[in-house]
Amino acid sequence: MIMAPGLRKLALTAHVTSSIGWFGAVAAFLALALVGLTSQDAQLARAFSLAMELITRFVIVPLAFASLLTGIVSSLGTKWGLFRYYWVLLKLLITVLATLILLVHTQPIERLADTAAKGWLLGADVYQDQLQMVVAATAALVALLTLTALSVYKPRGMTPYGQRNQQEQSTSVAVEDALTN
Amino acid sequence: MADSPSYPDADHARMTPKRGSATRVPRWVKVFVIVFIALVLLFVALHLTGNGFGAHMHMSAIEQGVGQQ
């Protein structure tokens, strides 16, 4: 089902906004994790843990789901389709995987924030956790940059499904032409 | 996920793979998938060896913290 141009642009606007927002929120998360990593102040480290949990719960997770859903809608509503081109298919796989990994990491982040709120954190543990958050956020940024690059470059290559689909459409058009002539 | 079609609509014939390579997977996809799988395996390995996020890392902090209360 191909969407009307206005609807397609609306879906695309939502997708670009949520995707860029996701990237920005992860960048903010990374900044907090980096500052928390280098800070010697335990109070600051606790504050950063709490802030990171808030950003994750209220910004990163909703934007990740919004990006995934709007991406699926945008793909299905255009001739690109969701499974016709490798770059779209890979974007889908990366987005789904990144969202799943994010959800897996949400629980430890919440637990860390809960621990921080209770004032139980120790310096060495904070350092180790912050280091891992820096690594995770950096990996997420690389994944999101890859998604952006795929969207911009749209490297060529049609999947077997796309090729079959294309052949079927060509055949049906040829039959219709033959019938009308 | 996909913006306005530039090549599905614009010049379909030009973008259609050549007959001989119609079913071939492009090289960039192969490289991409190999790198992707390697990174996923690295990620899983890091977690299984206890270098990733995990309850065990945080529980030790909690337990030590509780001990200090």
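The values are calculated or read from the model by the stated rules, or taken from the named source; none is laboratory data. Remember, predicted model here, so these are calculated numbers, not experimental data. Using ideal geometry, Cβ is built from the backbone for each residue, glycine included, and neighbour counts are taken over all protein chains shown.
Values computed for the structure shown
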| read-out | value |
| --- | --- |
| A:Ile94 at pLDDT below 95 and part of a helix (DSSP H, G or I) | yes |
| Candidate set from the range B:24-69 (those that are among the polar types (S, T, N, Q) and either surrounded by 11 or more Cβ atoms within 10 Å (Cβ to Cβ) or assigned to a helix (DSSP H, G or I) (or both)); member that is modelled with the highest pLDDT | B:Asn51 |
| Meets criteria (among the small types (Gly, Ala, Ser) and under 10 Å from the mean Cα position of the chain (by Cα)) for A:Gly71 | yes |
| Members of the range A:83-92 that are within 8 Å of chain B (Cβ to nearest Cβ) and surrounded by fewer than 20 Cβ atoms within 10 Å (Cβ to Cβ) | A:Leu92 |
| Residues located in the range A:65-89, provided they are among the β-branched types (Val, Ile, Thr) and either assigned to a helix (DSSP H, G or I) or over 23 Å from A:Pro160 (Cα atoms) (or both) | A:Thr70, A:Ile72, A:Val73, A:Val88 |
| Answer from A:Ala117, A:Ala113 - the residue that is more than 7 Å from chain B (Cβ to nearest Cβ), crowded, with 19+ Cβ neighbours inside 10 Å, of a type outside the set (Val, Ile, Thr) and under 27 Å from A:Leu131 (Cα atoms) | A:Ala113 |
| Flag if A:Ala98 is within 28 Å of A:Ala14 (Cα to Cα), in contact (Cβ under 8 Å) with a residue 40 or more places away in the chain and buried (at least 20 other Cβ atoms within 10 Å of the Cβ) | yes |
| When residues of the range A:125-168 are limited to those that are charged (D, E, K, R) and surrounded by 16 or more Cβ atoms within 10 Å (Cβ to Cβ), the one farthest from A:Ala45 (Cα to Cα) | A:Lys154 |
| Subset tally (residues that are in a helix (DSSP H, G or I), surrounded by fewer than 16 Cβ atoms within 10 Å (Cβ to Cβ) and not aliphatic (A, V, I, L, M)) for the range A:26-64 | 5 |
| Among the candidates A:Leu63, A:Leu103, A:Leu69, residue that is in contact (Cβ under 8 Å) with a residue 24 or more places away in the chain and within 19 Å of A:Leu145 (Cα to Cα) | A:Leu63 |
